Amino acid sequence: MRASVGVRDRAVAALATLGPVALPGLLGVLRDPAEKLRTRTAAARALVPFGPAAREAFPLVRALLKECGRYDTSAPLLALAALGPAAAEAAPDVARLLRGREPWDWSEEVRALRAFGPAAVPVLVRALSVQENDTAVFAARALRLLETDARAAVPALVESLNSDDEALRQEAALTLSSIDPLRAEVVPAMMALLRSDDWDTREAAVKSLKQLGPKAAAAIPALVRGIRAGEEHLGGVLAAIGPASRAVVPDLVDCLKSDNSTTRKNALEALGALGPAAQCALPALVECLRSQDWTTRRSAVAALGRMGTAAASAVPALLDLLRRESDTEAIGALGSIGPAARGAAPLLLVLLKERTRWPRLFCAQALLEIDPFDDEPVRVLSQYLADPCADTRRRAAWTLQEIGPPARGAIPALLVAAKDPDPWVRGAALDALRSFGPAAQEAVLALERAAAAGLAAPGAGARAEASLPGR
């Protein structure tokens, strides 16, 4: 008469403590069809400490994984991971478990796949040709999750891009985008995917083309056609391709004449992605600032901001826009232009002191980008650290942190803010002080020591301020 399942489970656990001499007994449990699934999974878990020495158990653990289906797979997956490359033939079985589950639930499957290492690549390549039960789809996904050199899989993945299965094309494209370095031979296949009806597939192709960089130059005409057709995110590919993309700036400018606002928006995003290389498009961008369409105006502002100092001639037009409407993007663009936007300082100073909450913080940052030695923005931001609105105080501290050492004049106000009742404001103030480097290092240490000692507000700020250089 067999002992109860609980007793047998405890016996398996005891075997696991005996070391190598227990291996034959555990294999016997796995081979016994009369054993309950629960007991056999316990035996698989007990194999983990043996590592590759238990390679004889591979076919048994693989069969157990299939028997478990999509549930209670933890033990066989751990055992396969412990076997490492010796269990690589099980890679397609592990990949199938990814079906219908969210990425955050893949940890055990991913651990097993990565334990198989490069030995899993040829196994998964063979699985790419198996069309039953989505085997190929999940093999392509598994190749992406391996985090090993999968360049040997490129020909098979490119072939998968021609599949009738949309899911397989998408997974193959995403996996190709993760392989570094990619070969230029994949460009035609990726260009074909740009015409896919599936948005995710097109995005995967865009990601791959970006990764190819200059090697994707052959795709430039297709990218321009896509922009004309209203496709998004293609400008980033043109930017990644580099100097060869400059030749299509006139085509992008021509797209700005389209009656389709999406086409105009995409062309403006592409020009912005090209940055200073698209400087010859400045007159057209300035004209877009006068458009009746809000999206076109906003996209033109963003493009000018990405051109930096090359957009200096657009400062008057940006100021005209800023006088007509409160636009934080326009303020940011003026800051990006830097000292060449000095003519914007008077208007930005006026906006800095207005009661409208958000533009004034953007103005402070823009003014300091235009003139890093201007004390007025720091003085006003210091005042905002005492604003009744906690969100304003927090954003003021964040802005000072982004400015960094040039905002050292705000240290006394930040020391006060570091005692703020709002924990987010306190944290932002400390982060800003840390960003000032040695100038505030002792003050930060004093505050941290006071906090650790439970010395909250009263004397901590005074001690921190006294620790500042020159005090």
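Among the residues of the stretch 81-118, those identified as on the phi > 0 side of the Ramachandran plot and either modelled with pLDDT under 90 or of a type in the set (A, V, I, L, M, F, W, C) (or both) are Gly100, Gly117.
Which of the residues spanning the stretch 165-198 are at pLDDT below 85 and either in contact with a Pro (Cβ under 8 Å, 6 or more places away or on another chain) or part of a loop (DSSP other than H, G, I, E, B) (or both)? Those that are at pLDDT below 85 and either in contact with a Pro (Cβ under 8 Å, 6 or more places away or on another chain) or part of a loop (DSSP other than H, G, I, E, B) (or both): Ile179, Asp180, Pro181, Leu182, Arg183, Leu194, Arg195, Ser196, Asp197, Asp198.
So, Ala140, is that one surrounded by 15 or more Cβ atoms within 10 Å (Cβ to Cβ), assigned to a helix (DSSP H, G or I) and free of Cβ contacts under 8 Å to residues at least 40 places away in the same chain or not?
yes
Of all residues in the stretch 240-258, those satisfying the criterion of being under 27 Å from Asp200 (Cβ atoms), buried (at least 21 other Cβ atoms within 10 Å of the Cβ) and among the aliphatic types (A, V, I, L, M) are Ile241, Val248, Leu252. Asp32 meets all of the listed conditions (1) modelled with pLDDT under 80; (2) within 22 Å of Lys66 (Cβ to Cβ) but one, namely (1). Among all residues of the stretch 200-218, there is at least one that is over 30 Å from Gln292 (Cβ atoms), among the hydroxyl-bearing types (Ser, Thr, Tyr), without any contact (Cβ under 8 Å) to a residue 40 or more places away in the chain and part of a helix (DSSP H, G or I). State all residues of the stretch 432-456 that are among the hydrophobic types (A, V, I, L, M, F, W, C) and either at pLDDT 75 or above or in contact with a helix residue (DSSP H, G or I) (Cβ under 7 Å, 6 or more places away or on another chain) (or both); if no residue qualifies, say none. Matches in the stretch 432-456: Ala432, Leu433, Phe436, Ala439, Ala440, Ala443, Val444, Leu445, Ala446, Leu447, Ala450. Failed condition for Pro372, given (1) farther than 23 Å from Ala345 by Cβ; (2) assigned to a loop (DSSP other than H, G, I, E, B), with all others met? Checking Pro372 against (1) farther than 23 Å from Ala345 by Cβ; (2) assigned to a loop (DSSP other than H, G, I, E, B), the one that fails is (1). For Glu354, the criteria (1) in a helix (DSSP H, G or I); (2) at pLDDT below 90 hold in every case but one, which is (1). Cβ separations smaller than 7 Å between residues 6+ apart or across chains give the following pairs from the stretch 1-27 residues that are closer than 14 Å to Leu47 by Cα and of a type in the set (Gly, Ala, Ser) to residues that are at pLDDT below 70 and assigned to a helix (DSSP H, G or I): Ala22/Ala16.
For the condition modelled with pLDDT under 90 and in contact with an Asp or Glu (Cβ under 7 Å, 6 or more places away or on another chain), Leu400 does not qualify.
Within the stretch 380-390, how many residues turn out to be modelled with pLDDT of 90 or more and either among the small types (Gly, Ala, Ser) or assigned to a helix (DSSP H, G or I) (or both)? Counting residues in the stretch 380-390 that are modelled with pLDDT of 90 or more and either among the small types (Gly, Ala, Ser) or assigned to a helix (DSSP H, G or I) (or both) gives 3.
Among the residues of the stretch 343-374, what is the count of those that are exposed (fewer than 13 other Cβ atoms within 10 Å of the Cβ) and in contact (Cβ under 8 Å) with a residue 12 or more places away in the chain?
3
For Val380, indicate whether it is of a type in the set (Val, Ile, Thr) and either touching a His at 6+ places or on another chain (Cβ under 8 Å) or surrounded by fewer than 18 Cβ atoms within 10 Å (Cβ to Cβ) (or both). In short, no.
Listed here are the residues, each with its yes/no results for (1) surrounded by fewer than 18 Cβ atoms within 10 Å (Cβ to Cβ); (2) touching a residue at least 24 places away in the same chain (Cβ under 8 Å); (3) outside any helix (DSSP H, G or I).
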{"residue": "Thr295", "(1), (2), (3)": "yes, yes, no"}
{"residue": "Val301", "(1), (2), (3)": "no, yes, no"}
{"residue": "Leu304", "(1), (2), (3)": "no, yes, no"}
{"residue": "Ser313", "(1), (2), (3)": "yes, yes, no"}
{"residue": "Ala317", "(1), (2), (3)": "no, yes, no"}
{"residue": "Leu321", "(1), (2), (3)": "no, yes, no"}
{"residue": "Ser326", "(1), (2), (3)": "yes, yes, yes"}
{"residue": "Gly335", "(1), (2), (3)": "no, yes, no"}
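Within the stretch 183-207, being small (Gly, Ala, Ser) and surrounded by fewer than 20 Cβ atoms within 10 Å (Cβ to Cβ) holds for Ala184, Ala192, Ser196. Condition check for Glu232 on (1) under 21 Å from the mean Cα position of the chain (by Cα); (2) of a type outside the set (Gly, Ala, Ser); (3) in a helix (DSSP H, G or I): one failure, at (3).
Working only within the stretch 197-249, note down all residues that are farther than 14 Å from Val187 by Cβ and of a type in the set (Ser, Thr, Tyr). Answer for the stretch 197-249, where residues must be farther than 14 Å from Val187 by Cβ and of a type in the set (Ser, Thr, Tyr): Thr201, Ser245. Would you confirm whether or not the stretch 208-228 contains a residue that is crowded, with 24+ Cβ neighbours inside 10 Å, touching a Lys or Arg at 6+ places or on another chain (Cβ under 7 Å) and of a type outside the set (Lys, Arg)? No, the stretch 208-228 has no match at all.
The values are calculated or read from the model by the stated rules, or taken from the named source; none is laboratory data. Just so it is clear, the structure is predicted and the values come from calculations on it, not from any experiment. Here Cβ is always computed from backbone atoms with ideal geometry, including for glycine, and neighbour counts include all displayed protein chains.
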